[in-house]
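Engineer: One structure, pasted below without further comment.
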Amino acid sequence: MSKLYIWQNRGFFMGRLPDISEHRLGSAALCVGIDKPFRVLESESSGWRDCRIVLVPPGCLHEIQVGGAIMAILFIEPEGPDYPAIQNAMLDSEWQCLYGLAHEGQVLAALREAWECQPDAAAIHDLIDRLIPPPAQEERQHPLDGRIQRVIRLMKEDVTRSYSMNELAESINLSPTRLVHLFKEEVGVPIRRFRQWHRMRVVAALIAKGDTLTDAALGAGFADSSHFSRAFRNMFGITPSSVFGRAANVRIVIA
């Protein structure tokens, strides 16, 4: 059975997915073909690239031909310490994406065992901790601007609330235009996409508690189910039914 694990600062999917059309995530993602390679196409690269592991930066336009591989995808908050630690362990780049994890063999072996054993959320979290390289002396080479950190905290406190750009800008004494540019520069994605990303997490949590997809979408702050479906496909390159539909056979685990 495929599983989607959600923690406060991480998300992790392990299982089967259809091919993933062109999309931009609101986070970074470490994508792993557990049992065989898959293919990645970056929007401005020269062509498809076969790989077993790729680190996709936040906001990068790309698509993936899964080709029947069992996939593991670690969703990484761009403002957290995991992202620069994994970046530093990648060995090769094509355009924006990074390939060739330094300890790739260890990661593949550990994830194959996890897929076969289907451990609980605590064991998966411990596994991820072991697989992520230890942080450098400084968590970030360029620490996130303190004003942007405050905006992120404010939005995360209630992701269902639609703060206007004026409200967010006033909270840190910037103009709305300057906030928009600084947020994108620091985090890698626009504010609206970042907020949508966290609303997707709320939808998954509500579905795990028994809500219907429509009720979960409304409860997370989307205008209606159609708005959510469009946003989901734009964010992940697949339909919501690929994850939340009965035929998808995906168990959501909120840790």
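Engineer: Pick from segment 1-20 the residues that are in contact (Cβ under 8 Å) with a residue 60 or more places away in the chain, in contact with a strand residue (DSSP E or B) (Cβ under 6 Å, 6 or more places away or on another chain) and in a loop (DSSP other than H, G, I, E, B): which of them is surrounded by the most Cβ atoms within 10 Å (Cβ to Cβ)?
Structural biologist: Residue satisfying both the conditions and the ranking: LEU17.
Engineer: When you look at PRO78, is it closer than 25 Å to GLU185 by Cβ, surrounded by 15 or more Cβ atoms within 10 Å (Cβ to Cβ) and either out of contact with any Ser or Thr (no Cβ under 9 Å at 6 or more places or on another chain) or polar (S, T, N, Q) (or both), yes or no?
Structural biologist: No, not satisfied.
Engineer: Mind checking whether some residue in segment 207-217 is within 19 Å of the chain's Cα centre (by Cα) and either under 21 Å from ILE73 (Cα atoms) or in contact (Cβ under 8 Å) with a residue 24 or more places away in the chain (or both)?
Structural biologist: Within segment 207-217, one or more residues are within 19 Å of the chain's Cα centre (by Cα) and either under 21 Å from ILE73 (Cα atoms) or in contact (Cβ under 8 Å) with a residue 24 or more places away in the chain (or both).
Engineer: If a residue must be part of a loop (DSSP other than H, G, I, E, B), touching a Pro at 6+ places or on another chain (Cβ under 7 Å) and surrounded by fewer than 22 Cβ atoms within 10 Å (Cβ to Cβ), how many such residues does segment 21-57 contain?
Structural biologist: 1
Engineer: Oh, and also: Before we move on, is GLY219 on the phi > 0 side of the Ramachandran plot and at pLDDT 90 or above?
Structural biologist: In short, no.
Engineer: Here's something else I'd like to know. Suppose we keep only residues that are among the aliphatic types (A, V, I, L, M) and outside any helix (DSSP H, G or I) within segment 190-249. Which one would you say is surrounded by the most Cβ atoms within 10 Å (Cβ to Cβ)?
Structural biologist: ALA220
Engineer: Need pairs with beta-carbon distance below 9 Å; first residue at positive phi and within segment 60-88, second among the basic types (Lys, Arg) and assigned to a loop (DSSP other than H, G, I, E, B); sequence gap 6+ or separate chains.
Structural biologist: Listed pairs, sorted by first residue: GLY67/LYS36; GLY68/LYS36.
The values are calculated or read from the model by the stated rules, or taken from the named source; none is laboratory data. Bear in mind that the values here come from a model prediction, so they are computed numbers and not experimental data. Please note: Cβ atoms are built from the backbone with ideal geometry, for glycine as well, and neighbour counts cover all protein chains shown.
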